[in-house]
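To start, the structure under review is shown below, and the notes come after it.
The values are calculated or read from the model by the stated rules, or taken from the named source; none is laboratory data. None of these values were measured; they are calculated from a predicted model. Cβ atoms come from the backbone with ideal geometry, glycine included; neighbour counts cover every protein chain shown. The area values use the complete protein model at the heavy-atom level, side chains included, leaving out ligands, DNA and RNA. Shrake-Rupley method; radii C 1.70, N 1.55, O 1.52, S 1.80 Å.
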Amino acid sequence: MIDLYQAILSLGSEEECAAFMEDLCTPAELTAMRERWLIANLLYEGRLSYREISAQTGASTTTIGRVARFLQQENNKGYLRIIERLNQNA
């Protein structure tokens, strides 16, 4: 059986990724992931407070705090690694 992470790594374009994610996830799951990704980027920029991010995104401050914890404190560094990689390539 092909692992989910292997499947994601095999995607060759943004279009393939969108099609795969739309098959894999419900609309609500995709919305939640997009929201967390936006929050991570806004937190990384560092210009807005949690309340301002909440007002802009509609996310709860609890969700924002959780994203902040994973962005800044947890060992995974998934958000940080990808944000920095994309900023380098911009």
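Which one is nearest to Lys77 (Cα to Cα), of the residues in segment 21-63 that are open to solvent by 50 Å² or more (accessible area, probe 1.4 Å), more than 10 Å from the chain's Cα centre (by Cα) and hydrophobic (A, V, I, L, M, F, W, C)? The selected residue is Leu48.
Hey, any hits in segment 64-79 for a residue that's touching a Lys or Arg at 6+ places or on another chain (Cβ under 7 Å) and open to solvent by less than 80 Å² (accessible area, probe 1.4 Å)? Checked against the condition, which is being touching a Lys or Arg at 6+ places or on another chain (Cβ under 7 Å) and open to solvent by less than 80 Å² (accessible area, probe 1.4 Å), segment 64-79 yields at least one hit. Whenever a residue of segment 5-27 is at negative phi, its partners that are in a loop (DSSP other than H, G, I, E, B), lying with C-beta atoms within less than 7 angstrom and at least six residues away or across chains, give the pairs Cys17/Leu11; Phe20/Leu11.
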